Amino acid sequence: MDVFSYFNYWVVVVLMMLGFFIVIARGNLVKKLIGLNIFQTSVFILYISAGKVMGGAAPILADGVELYSNPLPHVLILTAIVVGIATTSVGLALVVRIHAAYGTVEEADILEQDATC
Amino acid sequence: MSTLWLWASDACLLIGSFLLLTGALGFLRFPDFYARIHACGVTETLATGFVLLGLLLRSDDAMPQVKLVLILLFVLFSSPTASHALAKAAWNAGVRPRDNSGKRRVSLPHTDP
Amino acid sequence: MLSFTIIVILLVMLVALARAFTGPNVFDRVLAANLFGTKTVLLIAAISYLLGSPDYLDIAVIYALINYISVIGVLRVTEIRRERRQAGAE
Amino acid sequence: MLCLLVATAIALIAVRGLLASIMLTSVYGLLSASFFVTMDAVDVAFTEAAVGAGVSPLLLLLTVAIVGRREAASNARRLVVPLLLVTVTGALLIIGTLDMPSFGSPDAPAQTHVAPRYLQQSGDEIGIPNVVTSVLASYRAYDTLGEVLVIFTAGVAVLLALAPAGQGGSARAEPPAPEHLAPHTILQVVSKLLIPFMLLFAFYVQFHGEYGPGGGFQAGVIFASGIILYGLLYGLPTVCRVIPPPVVEVLAAVGALIYGLTGVLSLLAGKNFLDYSALAADPVTGQHIGIIAIELGVGIAVAAVIITIYYAFAGRLHTRED
Amino acid sequence: MLSQLPLLPVLLPLLGAPACALLRRPLAAWVFSCAVSVLALAAAIALLAATWQQGVLSYALGGWAAPWGIEYRIDLLNALVLLLVSAMGAAVLLGARASVWREIPEHKRTLFFVAYLLCLAGLLGIAATGDAFNLFVFLEISSLATYALVATGRDRRALVAAYNYLVMGTIGATFILIGIGFVYMLTGTLNMADLAQRLPAVGQSRTAFAAYAFIVVGVCLKLALFPLHLWLPGAYTRAPSIVTVFLAATATKVALYVLIRFSFTVFQVEYSILALPLETVFVVLGVVAVFAGSLVAVFEPDLKRGLAYSSVAQVGYMVIGVGLGTVAGLQASLIHLFNHAIMKGTLFMALAAVVLRLGGSTYAQMQGVGRSMPITTACLLLGGLSLIGVPGTAGFISKWYLVTAAADREQWLLVLLILAGSLLTAVYIWRLVETAYLAPRQSPASIAPRALEAPAGLLAVLVVLALANIYFGLDTRLPVQTAGGAANGLLAAVLP
């Protein structure tokens, strides 16, 4: 049980790091945003895992149910999801503009163009 | 809920699961795109129907039943439409069926990797 | 029986994921994503019965909607690209 | 389930080509949403399904349609530093988890300190069964106002980045060359059947949020998705005629203002900002009115902003070729 | 109305922004945002006065008491930062018209002001809130608005700068989110005051350590502390001049506030300074930042970019103050926070005028600017002197307090290094003097001969800011006493 109790968190950590890796290792601007998305979603999973109560029900009050999962992380993550999609959309808008200005969305090509002019 | 309903539900779920598995097998093993879309398209609609029916037989409230029927209707509408659109788009994009040996039978106007 | 169905669905999802990964072309991936979506609908529905809370069915409805929209979205987008490429070539 | 998530993420690293990545992102969204369901986070699953598997892949798709889906091979030299960084961060996180309360334990501080009050008393104080909605819309209503403004900011930011010149700042696209829409009869017919149903469902979600999963945000997303579907099939000019972009932009601001003014109203009534109990003689009724009002604001703002963002991207899609 | 005071500075711009979006005419939008920001400033001044009189003010949003609802908790520190941010926000906006009309295309101007108000509201919200998660939400409002504002720069490199800022900023924000999540798991609360009570019980656990580490790294990304500063020069250089003024004067200051708040209020000093080697980490990073930033600034051909690097250096000074971990160090840090906002505001505002008239801010373009734009250049120079820390200017006061604080801890090497850093500053400011006054005007014909001085609105604000440098160099009561009170308040609970 003890190992299992952390297994959940560890998987989340692995997920976060996979997303984080995509963000910093990839040169494609769109792919970076995808990585950012994965990174954020994994943090959401961390929060939600923290709110789970074994044997609890969804936090919608009903007769005869005593044990509920924690509603607070759910609320926080609802907000965080919105923040995530907002960031993604702004990032994508910038990518579109960058593509219009440079004709490419690869970081290396952009750096090259900036260096030459 | 009587045992009879439960049995019926189990049977439906079993058939549904079987269909799902066959569909997945086809999706994994068939040689080209059109065969694969056939495998999923056919089994998917039927399997979804059976699984949802199985679930339907398990519930005794009105609201979940209504929702299940809604889902069922929606899937019945959208799934074939999506398959159709996909196949059509693939054809327009120049994806062509292959024969048994895996070679392209129809020459391609232009490729789209 | 319910849990058996859930396991089967998870299995099918794995297959779809494998196909989404291997491709070979875009449409296979779209198909895989579509399959994945419909299987999620079933999964959520089944889970909601396993946990005994029919509220979850709302989520299944959403999945069905979203799934359809995203398939259409992918198709339209690939099409628009092709049209524009052709327009550019002419 | 979690292993499936890991598999998807690894696949995302391995796969090249943006379209495939987007498909996998969508799958990732679906999977994490399913995971949220098993964690009892119904509302979150609802939102993640609509956003993670719906809106954000759609936006990514639109972007890829504009910028192309090729992805250059990454440079092997560049991998060392990221790997190092990731390993260090990951190790720190693992260390961090070691002293955590174990997973699912009902005795963890998170479960015993603040949350119990929501579960035990929101029924009396707010009077609606969905505790997530009570916390979201009343106890932590200010966060939610912030959330609405975040999405409003995103709309402003996207417009600021993508607005074409000479049109008063709105994302109106000139009608592009006639689109080749002929081959979509079946899709159009079926979708026409489905879209009203979707919009209806959005309203159901909007007003059912007090009793079950759902609420303004989810409803807004669903509503916007329906409109986007319409736009995808009938072309941007058609949908712009039905719902003109300037109207949507005004609605986005109005939605945010409805929320804010609900708060100001309670302020004028002598209570604190967003204290809905000032809105009616009976505090619980006041809470009801307040929650309905702000959820409406959230729904309008979210739907309007997402449609605006869609217009901005789709406008780019059509006008770039000149 | 008095009981609502803590809310007003944030609420006004927060609701002003969507209302401003309804205005179609850019001029109306500008007037409206000016009105809103001036009102917010008035509220912030009243708030500071109220805090002096009544001590800590608490405001329960939604009428729900603290750990259950969100709380605004205003002590001297909050009030100081609120005042600073709203004052700079209002001042910059008042002087913004000419520059914005020059640099932003017409159809984007209304939206520009909306984004500006949102950014202001976000920063003020961060400074006012007493709830950890609410801080994250407002951080994102201000960040998103900032990305949009930076991206409106005319150069296409502004887009890349904004994108890089977005990626880094989001990583930072997500790190903060992880940290807050860990803390929440440990204590079950998000309210800062409540956290401060409950954290000591679990303060020695590895989870708390990781949480603090993530929050610090995340905040330092926003703060642009030395190794994490990579986004700053690009963003400051490429953003429209007005945005640069605003960001330089406020954004990093608010980030520093967050760092201080989390280190001293939430995680408490014994945990953050004494039990961990963080003292050394902060001081070393600060010193490295001072030298790295200043050295790059010395060799930079573009003054705007040079000043951006100088911001990296100045952040270093502030972090040194935090790292000293004494009341005096913290006070010095806060004074510098206040003064640096004023001097960088002056410098970048003057540069906005220069860019407006000359089209660029490289040393080559600015040759002989002292003769064509005398008032602007005088203000620029005044800001520069203040940056060096010449006696009689605000910069001298902050350097003085910093050196005294370091001397108190008997860190003589540190004292030496701080003074050496000032010397480097003097080098690049001298370069400015040389270019502006001593160099022959490059080609008199290419620059319009007369009427080069900046337009009156901009110039008035600029002169006020420049005089503020001198005023706060002579009459130091406001920043010194408030900072002292705030530092005492932060450390009183934990230091004997």
In segment D:32-74, residue farthest from the chain's Cα centre (by Cα) [restricted to those that are part of a loop (DSSP other than H, G, I, E, B) and more than 7 Å from chain A (Cβ to nearest Cβ)]: D:ALA73
Among the numbered criteria (1) at pLDDT 80 or above; (2) within 16 Å of C:VAL26 (Cα to Cα), which single criterion is violated by B:HIS38? (2)
So which residues in segment D:199-224 are on the phi < 0 side of the Ramachandran plot, surrounded by 24 or more Cβ atoms within 10 Å (Cβ to Cβ) and in contact with a Gly (Cβ under 6 Å, 6 or more places away or on another chain)? D:VAL205, D:GLN206, D:GLY209, D:GLY216, D:ALA219, D:GLY220
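Can you tell me how many residues in segment B:15-32 are surrounded by fewer than 22 Cβ atoms within 10 Å (Cβ to Cβ) and either among the small types (Gly, Ala, Ser) or within 7 Å of chain C (Cβ to nearest Cβ) (or both)? Steps first, answer last, please.
Taking segment B:15-32 first, the residues surrounded by fewer than 22 Cβ atoms within 10 Å (Cβ to Cβ) are B:15, B:18-19, B:21-22, B:25-26, B:28-32.
If we keep only those that are either among the small types (Gly, Ala, Ser) or within 7 Å of chain C (Cβ to nearest Cβ) (or both) as well, we get B:21, B:26, B:28.
Going through segment B:15-32 one residue at a time, the tally reaches 3.
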Within segment E:342-368, how many residues turn out to be crowded, with 24+ Cβ neighbours inside 10 Å, more than 15 Å from E:PRO240 (Cβ to Cβ) and not β-branched (Val, Ile, Thr)? 6
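Under the condition of being of a type in the set (A, V, I, L, M, F, W, C) and either loosely packed, with under 15 Cβ neighbours inside 10 Å or facing chain E (nearest Cβ under 7 Å) (or both), which residue from segment D:98-107 is farthest from D:VAL284 (Cα to Cα)?
D:LEU98
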With respect to C:ALA20, is the statement that it is crowded, with 23+ Cβ neighbours inside 10 Å, facing chain B (nearest Cβ under 7 Å), without any contact (Cβ under 8 Å) to a residue 60 or more places away in the chain and part of a helix (DSSP H, G or I) true? no
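Can you find, within segment E:172-207, the residue that is surrounded by the fewest Cβ atoms within 10 Å (Cβ to Cβ) among those that are in a helix (DSSP H, G or I) and among the polar types (S, T, N, Q)? Outline the logic, then answer.
As a first pass, look at segment E:172-207 and keep what is in a helix (DSSP H, G or I): E:172-187, E:192-202, E:206-207.
After this cut, where a residue has to be among the polar types (S, T, N, Q) as well, the list is E:174, E:187, E:197, E:207.
On the way: E:THR174: 27, E:THR187: 24, E:GLN197: 13, E:THR207: 19.
Going through the qualifying residues, I end up with E:GLN197.
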Of all residues in segment D:111-133, which are closer than 15 Å to E:GLY69 by Cβ, touching a residue at least 40 places away in the same chain (Cβ under 8 Å) and not aliphatic (A, V, I, L, M)? D:GLU125
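Does any residue of segment E:73-87 turn out to be surrounded by 20 or more Cβ atoms within 10 Å (Cβ to Cβ), under 25 Å from E:GLY484 (Cβ atoms) and over 20 Å from the mean Cα position of the chain (by Cα)? Lay out the reasoning, then the answer.
Taking segment E:73-87 first, the residues surrounded by 20 or more Cβ atoms within 10 Å (Cβ to Cβ) are E:73-74, E:76-87.
Checking which are under 25 Å from E:GLY484 (Cβ atoms) leaves us with E:73-74, E:76-87.
From what is left, the residues that are over 20 Å from the mean Cα position of the chain (by Cα) are E:73.
Looking for residues that are surrounded by 20 or more Cβ atoms within 10 Å (Cβ to Cβ), under 25 Å from E:GLY484 (Cβ atoms) and over 20 Å from the mean Cα position of the chain (by Cα), one finds at least one in segment E:73-87, hence yes.
Could you check how many residues of segment E:16-31 are within 23 Å of the chain's Cα centre (by Cα) and under 13 Å from D:ALA252 (Cα atoms)?
Going through segment E:16-31, the residues within 23 Å of the chain's Cα centre (by Cα) turn out to be E:16-17, E:30.
Now restrict to residues that are under 13 Å from D:ALA252 (Cα atoms): E:17.
Matching residues across segment E:16-31 total 1.
Give me a count of the residues in segment A:55-82 that are assigned to a helix (DSSP H, G or I) and in contact (Cβ under 8 Å) with a residue 12 or more places away in the chain. Steps first, please.
Residues of segment A:55-82 assigned to a helix (DSSP H, G or I): A:71-82.
Still in the running and in contact (Cβ under 8 Å) with a residue 12 or more places away in the chain: A:71-74, A:76-77, A:80-81.
So the count comes out to 8.
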Given the conditions (1) free of Cβ contacts under 8 Å to residues at least 60 places away in the same chain; (2) hydrophobic (A, V, I, L, M, F, W, C); (3) more than 30 Å from E:LEU324 (Cβ to Cβ), and given that E:VAL390 satisfies all but one, which numbered condition is not satisfied? (3)
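Taking segment E:148-159, which residues are more than 10 Å from chain D (Cβ to nearest Cβ) and either assigned to a loop (DSSP other than H, G, I, E, B) or modelled with pLDDT of 90 or more (or both)?
Narrowing segment E:148-159 to residues more than 10 Å from chain D (Cβ to nearest Cβ): E:150, E:153-158.
If the condition is that a residue be more than 10 Å from chain D (Cβ to nearest Cβ) and either assigned to a loop (DSSP other than H, G, I, E, B) or modelled with pLDDT of 90 or more (or both), then E:VAL150, E:GLY153, E:ARG154, E:ASP155, E:ARG156 are the ones that fit.
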For residues that are within 20 Å of the chain's Cα centre (by Cα) and more than 9 Å from chain A (Cβ to nearest Cβ), scanning just segment E:165-179, find the one that is nearest to E:THR244 (Cα to Cα). E:TYR165
State whether one or more residues within segment D:283-302 are buried (at least 24 other Cβ atoms within 10 Å of the Cβ), under 30 Å from D:GLY68 (Cα atoms) and within 22 Å of the chain's Cα centre (by Cα). yes
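Going by what's in this entry, would D:ASP124 be described as surrounded by fewer than 24 Cβ atoms within 10 Å (Cβ to Cβ) and either charged (D, E, K, R) or at pLDDT 85 or above (or both)?
Spelling it out, D:ASP124 is indeed surrounded by fewer than 24 Cβ atoms within 10 Å (Cβ to Cβ) and either charged (D, E, K, R) or at pLDDT 85 or above (or both).
Could you list, in sequence order, the residues of segment E:95-139 that are of a type in the set (A, V, I, L, M), within 19 Å of the chain's Cα centre (by Cα), facing chain D (nearest Cβ under 8 Å) and under 23 Å from E:GLY345 (Cα atoms)? Explain how you work it out, then say what you get.
Filtering segment E:95-139 down to residues of a type in the set (A, V, I, L, M) leaves E:96, E:98, E:100, E:104, E:111, E:114-115, E:117-118, E:120-121, E:123-124, E:126-128, E:132, E:135, E:137, E:139.
Right, trim to within 19 Å of the chain's Cα centre (by Cα) and you get E:96, E:115, E:117-118, E:120-121, E:123-124, E:126-128, E:135, E:137, E:139.
Filter once more, keeping what is facing chain D (nearest Cβ under 8 Å): E:115, E:118, E:121, E:137.
If the condition is that a residue be of a type in the set (A, V, I, L, M), within 19 Å of the chain's Cα centre (by Cα), facing chain D (nearest Cβ under 8 Å) and under 23 Å from E:GLY345 (Cα atoms), then E:ALA115, E:LEU118, E:ALA121 are the ones that fit.
For segment E:208-254, what are the residues that are part of a loop (DSSP other than H, G, I, E, B) and within 14 Å of chain D (Cβ to nearest Cβ)? Explain how you work it out, then say what you get.
Kept after step one, since they are part of a loop (DSSP other than H, G, I, E, B), are these residues of segment E:208-254: E:224-225, E:229-230, E:239-240.
Those that are part of a loop (DSSP other than H, G, I, E, B) and within 14 Å of chain D (Cβ to nearest Cβ): E:LEU230, E:ALA239, E:PRO240.
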Quick check on E:ARG156: is it among the basic types (Lys, Arg) and without any contact (Cβ under 8 Å) to a residue 40 or more places away in the chain? yes
How many residues, within segment A:80-117, are among the aromatic types (Phe, Trp, Tyr) and either surrounded by 22 or more Cβ atoms within 10 Å (Cβ to Cβ) or modelled with pLDDT of 90 or more (or both)? 0
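Check segment D:304-314 and report whether any residue there is part of a helix (DSSP H, G or I), within 28 Å of the chain's Cα centre (by Cα) and closer than 29 Å to E:ALA65 by Cβ.
Quick first cut of segment D:304-314, residues part of a helix (DSSP H, G or I) only: D:304-314.
Narrowing the set further to residues that are within 28 Å of the chain's Cα centre (by Cα) leaves D:304-314.
Cutting the leftovers down to closer than 29 Å to E:ALA65 by Cβ gives us none.
Among the residues of segment D:304-314, not one is part of a helix (DSSP H, G or I), within 28 Å of the chain's Cα centre (by Cα) and closer than 29 Å to E:ALA65 by Cβ, which makes the answer no.
The values are calculated or read from the model by the stated rules, or taken from the named source; none is laboratory data. Since this is a predicted model, take the numbers as computed values, not measurements. Glycine also receives a Cβ, built like all others from the backbone with ideal geometry; neighbour counts cover every protein chain displayed.
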